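Shown next, in structure tokens, is the structure this report addresses.
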Amino acid sequence: MKQKNNSRNLRWRIIAILLGVSLLPLGLVGIGSLLTYGKLLEEKTIEMHRRVIQTHAEGIDLYLAERLRALDLVVRTHRRHELENKNMLEKLLSTLNDSYGMAFIDLGVIFESGEHLAYVGPYDLGDKNYAGEQWFKDVMVRGVYLSDVFMGFRKVPHFVMAVRRQDESGNWLIRATMSSDVFDRLVGSGRMGDTGDVFVVNAAGVYQTPPKSGHVMEASSIKSLGMHQGVSVSRVREDAGVLVRATTWVNGGRWLLVAQQQESEIQAPVYHAVVLGFLAVAIAVVLVVVTTVLATSHLIGRVEQADAQRDALSKDLLRSAKLASLGEMSSGLAHEINNPLAIISAELTNIGDLITEEMTEAGWRDEIVQAVKRSKRQVQRCGGITAKMLQFGRKSDVYLQATDIGERLDEIVGLMRKQAEIRNVDIQLDVQKGLCPGLLDPTELEQVIANLINNSLYAIRGGGIIRIKAEREGKQIRINVIDNGSGIPAEDLERIFQPFFTTKPPGKGTGLGLAVCYGIVRGWGGDITASSRLGEGTAITIRLPAADQEAAAVGRIARSER
């Protein structure tokens, strides 16, 4: 009881110390990281908006500049009389739309007097005179012009771009009406989030592209449009809440690109990160507490189990000692039995010699001779058993050498084939071509294979097949002895290599054959295993070391003790 109380007190002391050391730094680091990371994430979010609007502005400027350059190329590469040809002008319009994604609605060639020289497009504008239009006056002065959105003769919002050229006939220009739908989609593609909005206003604050709430050519809520370089980010309070607004000038400073979004939506990832951070810290605290309690309990439990493990170790050592002494006991027992067996055998021989003719006349001679022969057979059988016991228990020097597996197996099969033929069993040998030598004792190999063949012959009833196969397997050689005999029950398969265990009926086996094979193969540094299915047959697999080329040249290369 006292020891149990000491263990409990020790457990709680260790838990308290570990939790104090772990949770205090974790808490300080967690709070500091959350505060710093939250501020950093908000700054990074604003910076991301700044980069997005800058990239979007560059895309819009590139869009407009490419189309202006296309018109400029047209007037530079074509003379006025060529462009006055309506078919040529239609072909140019088709080519421009194929190249620039249906960005152009119509094309018109206009003389310096404001009259159309040629027009192609969906509107009836061929007879219109633009001399009084502001955009026409501007392009005649500037040479290249991109207008704001206006109504014009067609009474729908649109904007145009025009390029002027002067030749021997005077000043003339080519004008293109741009597709508002295409440009609006380009501008609107910069919207971010559910509350995000992107639009363009001119210097007077009038919408040039439609916002989420409002229409083109309506006055926007943006009043202060001072020029600034790059992207300007500000917070604006409106009825819908606080907006984060990023602005930058495009189209050479004539249009202002505006991207705005609710501040709450921008800060949502920050709040989300803070919540996740607190959850992470909380989970870490729980993990630290659970881990500390479990680790401490495990440690104390191991201490409490020390005595039980010591007792178990003592039992294991005792069991090992018993197994080790089994071989010595078998050897001693075999020696003690061999001596009286030798005497019995000698006496039986004497008895056979002393049988007289008188015994024959009395009718006893044949009976005595048969009894002597039976006794000798039993003595020989006992001698075989004691020989196996000696082999099982004796520790002897084993000389391993590089051995030609195929040649040795061929000899063994040749010796056993006659015995197999008597039982109507076919022994088939399959040795891999060019198989390298194995590192083993060739005499012991003969003993092992012969023992396995004898077991297979006993298991086969009414004829069958024994297959012996040898092949290279990595750094080892694998020998399989497979029969189609009666098989071994699953409950007995794990015990067949144990000494004195046999599946044969009494008087038919000693249970030492496979135990001896096991000891021999293990003495080579190899392994022997068995698999079997009742009624289908048994397969014994031997894996033994392969001898390298140097070992094959030297011959006997190793000496071990079994």
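Restricted to the stretch 156-195, and to residues that are within 26 Å of SER94 (Cβ to Cβ) and basic (Lys, Arg), which residue is farthest from the chain's Cα centre (by Cα)?
For the stretch 156-195, the residue satisfying everything is ARG165.
Got a sec? Which of GLY434, GLY474 is open to solvent by 20 Å² or more (accessible area, probe 1.4 Å), within 18 Å of THR529 (Cβ to Cβ) and not hydroxyl-bearing (Ser, Thr, Tyr)?
Of the residues listed, the single one that is open to solvent by 20 Å² or more (accessible area, probe 1.4 Å), within 18 Å of THR529 (Cβ to Cβ) and not hydroxyl-bearing (Ser, Thr, Tyr) is GLY474.
Do we have any residue at all in the stretch 218-240 that's part of a strand (DSSP E or B) and open to solvent by less than 30 Å² (accessible area, probe 1.4 Å)?
There is no residue in the stretch 218-240 that is part of a strand (DSSP E or B) and open to solvent by less than 30 Å² (accessible area, probe 1.4 Å).
Just need a number here: residues in the stretch 37-75 that are open to solvent by 70 Å² or more (accessible area, probe 1.4 Å) and closer than 18 Å to LEU146 by Cβ.
The qualifying residues number 4.
Cβ-Cβ distance below 8 Å, separation of 6 or more or different chains: which pairs start in the stretch 473-501 with a residue that is farther than 19 Å from ASP430 by Cα and in contact (Cβ under 8 Å) with a residue 40 or more places away in the chain and end on one that is polar (S, T, N, Q) and open to solvent by less than 20 Å² (accessible area, probe 1.4 Å)?
Sorted first by the residue in the stretch 473-501, then by its partner, the pairs are GLY485/SER456; GLY485/THR538; GLY487/THR538; ILE488/THR538; PRO499/SER330.
Kindly list the number of the only condition in (1) open to solvent by 60 Å² or more (accessible area, probe 1.4 Å); (2) in a helix (DSSP H, G or I) that fails for MET102.
Exception for MET102: condition (2).
Have a look at TYR145, TYR123 and point out the one that is in a loop (DSSP other than H, G, I, E, B), among the aromatic types (Phe, Trp, Tyr) and surrounded by 14 or more Cβ atoms within 10 Å (Cβ to Cβ). Steps first, answer last, please.
Numbers: TYR145 fails: in a loop (DSSP other than H, G, I, E, B).
Exactly one of TYR145, TYR123 is in a loop (DSSP other than H, G, I, E, B), among the aromatic types (Phe, Trp, Tyr) and surrounded by 14 or more Cβ atoms within 10 Å (Cβ to Cβ), namely TYR123.
Among the numbered criteria (1) assigned to a helix (DSSP H, G or I); (2) surrounded by fewer than 18 Cβ atoms within 10 Å (Cβ to Cβ); (3) modelled with pLDDT of 85 or more, which single criterion is violated by ALA420?
(2)
Could you tell me whether ARG165 is among the basic types (Lys, Arg), modelled with pLDDT of 90 or more and open to solvent by less than 50 Å² (accessible area, probe 1.4 Å)?
So ARG165 fails the test.
The values are calculated or read from the model by the stated rules, or taken from the named source; none is laboratory data. Note that this is a predicted model, so its numbers are computed, not measured. Glycine also receives a Cβ, built like all others from the backbone with ideal geometry; neighbour counts cover every protein chain displayed. These area figures cover heavy atoms from the full protein model, side chains too; ligands, DNA and RNA do not enter into them. Shrake-Rupley method; radii C 1.70, N 1.55, O 1.52, S 1.80 Å.
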